[in-house]
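To start, I am sharing the structure in question, which I have written as structure tokens.
Every read-out reported here was derived from the displayed coordinates using simple, explicitly stated rules and does not represent laboratory data. A quick note: this is a predicted structure, and the numbers were derived from the prediction, not measured. Virtual Cβ from ideal backbone geometry, glycine too; neighbours counted across all protein chains shown.
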Amino acid sequence: MFLFVGLGNPAENYANTRHNIGFRAIDALSVRFKASLISKPQFFGDLYKSKDTLLLKPITYMNNSGKSVGAVADFYKPQEIVVIHDDIAIPFGSVRIKRGGSSGGHNGLKSIDAHIGADYIRVRLGVGTPKIGQDAAAFVLSNFSKEESDGVLEIVEYATLVCEELLMKSLDEVSARYTRKNGGSNV
């Protein structure tokens, strides 16, 4: 069983922010997989199930995402956990896939690492980079610009493709084929 986790913040005012691109990917996956909501209070999130796949949107806010991921992982014991999240260290539209590594200052990843360790797959979605002197927290909590809107839909769609491929192929195969640098397509 795979557990796909999309990171974001649950309040409506965060829905279109850069930090919530992981939530948007889970929303798209839940439609694509025809998943059913099976949430329980002890999971601290919106949990969906489709066959042998779980999809999670933690409602603990970004800084406590690990509480939800840990609760679901303890209960279901998935063979693989895949976390989909925003990344300001890579260009807008870029997608990188890897296992483990540093949190890179991402508070959601820090929380997950504290609860389950760092040995999980990360689907890193480039959401742009703050301007010099711009506060990173304010940047990730800002909405995408009108110019970026179409690109965001494409990034989310691409992330769902990556997740589908992870169900069928090895991490090395998926990373080699679907990593996108500088926002360009490899496929």
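Pick out which of V123, V174, V95 has the largest mean-square fluctuation in a Gaussian network model of the chain, springs linking Cα atoms closer than 10 Å.
Comparing V123, V174, V95 in a Gaussian network model of the chain, the most mobile one is V174.
May I pose another question? Name the trypsin sites (Lys or Arg not before Pro) in segment 1-100 that are in a loop by DSSP and that have at most 15 other C-beta atoms within 10 Å, would you?
K34, K51
Then there's this: Quote the charge dipole size of segment 87-187 about the Cα centre in Debye, to the nearest 20; the model charges only the Cβ of Lys and Arg (+1) and of Asp and Glu (-1).
300 debye
From the phi of every residue in segment 6-15, what ³J(HN,Hα) in whole Hz does the Karplus formula 6.51 cos²θ - 1.76 cosθ + 1.60 yield, where θ is phi - 60° and glycine or proline is x?
Listing the rounded values in order: x, 8, x, 10, x, 5, 4, 5, 9, 3 Hz.
Given contacts defined as C-alpha pairs under 8 Å and at least six residues apart, what's the relative contact order of the chain, whole-number percent?
Computed value for the chain: 26 percent relative contact order.
To continue, here is another question. Test of understanding: in a Gaussian network model of the chain with alpha carbons linked when under 10 Å, which of P58, P91, P41 would top the mean-square fluctuation ranking?
Highest fluctuation among the options: P41.
Here is a further query. Which value, in debye to the nearest 20, describes the size of the charge dipole of the chain about its Cα centre when Lys and Arg Cβ atoms bear +1, Asp and Glu Cβ atoms bear -1, and nothing else is charged? Spell out each step's value before the answer.
Numbers: 22 positive and 20 negative charges, 43 e Å.
Magnitude of the dipole: close to 200 debye.
Given L125, Y76, I38, which one lies farthest toward the positive end of the charge dipole of the chain, if we put +1 on the Cβ of every Lys and Arg and -1 on the Cβ of every Asp and Glu?
Going by the Cα projections, it comes out as Y76.
Quick query: amide H of S39 versus all other amide H atoms, modeled in the peptide plane; which residues come in under 5 Å with a sequence gap of 5 or more or a different chain?
So S39 has HN proximity to L47.
Looking at the chain as a GNM with Cα springs under 10 Å, which of F44, F144, F75 has the largest mean-square fluctuation?
In the Gaussian network model the winner is F75.
Something else: With unit charges on the beta carbons (Lys and Arg positive, Asp and Glu negative) and the dipole taken about the Cα centre of segment 23-174, which residue among H115, L141, S94 sits farthest to the positive side?
H115
Moving to a separate point now. Would you calculate a helix-derived [θ] at 222 nm for the chain, using -39,500 (n - 2.57) for each DSSP H run of n ≥ 4 and dividing by the full residue count, to the nearest 500?
That calculation yields -11000 deg cm²/dmol at 222 nm.
Also: From the square roots a ≥ b ≥ c of the eigenvalues of the alpha-carbon gyration tensor of segment 2-178, which class results: rounded (a/c under 1.5), prolate (a/b over b/c), or oblate?
Cα axes put segment 2-178 in the rounded bin.
Apply the Karplus parameterisation 6.51 cos²θ - 1.76 cosθ + 1.60, with θ equal to phi minus 60°, to every residue of segment 43-51 and state each ³J(HN,Hα) to the nearest whole Hz, in sequence, with x for glycine and proline.
8, 6, x, 8, 10, 10, 10, 9, 6
Right, something else. Y120's amide H: which non-local residues (gap 5+, or another chain) put their own amide H closer than 5 Å, with H modeled 1.01 Å from N in plane and none for Pro or chain starts?
Residues meeting the criterion, in which the H sits 1.01 Å from N, are G100.
Residues with beta-carbon under 11 Å from that of R18, excluding R18: net charge, scoring Lys, Arg +1 and Asp, Glu -1?
-2
Next question. Note the full-extension length gain between D135 and K51 as 0.36 nm times their separation in residues minus their Cα-Cα distance, in nm to one decimal.
26.1 nm
Trypsin sites (Lys or Arg not before Pro) within segment 128-187: which are DSSP loop residues with at most 16 other Cβ atoms inside 10 Å?
K131, K146, K169, K181
Between their Cα atoms, which of K57/K169; K49/K131; K49/K146; K34/K77 are more than 29 Å away from each other?
K49/K131; K49/K146
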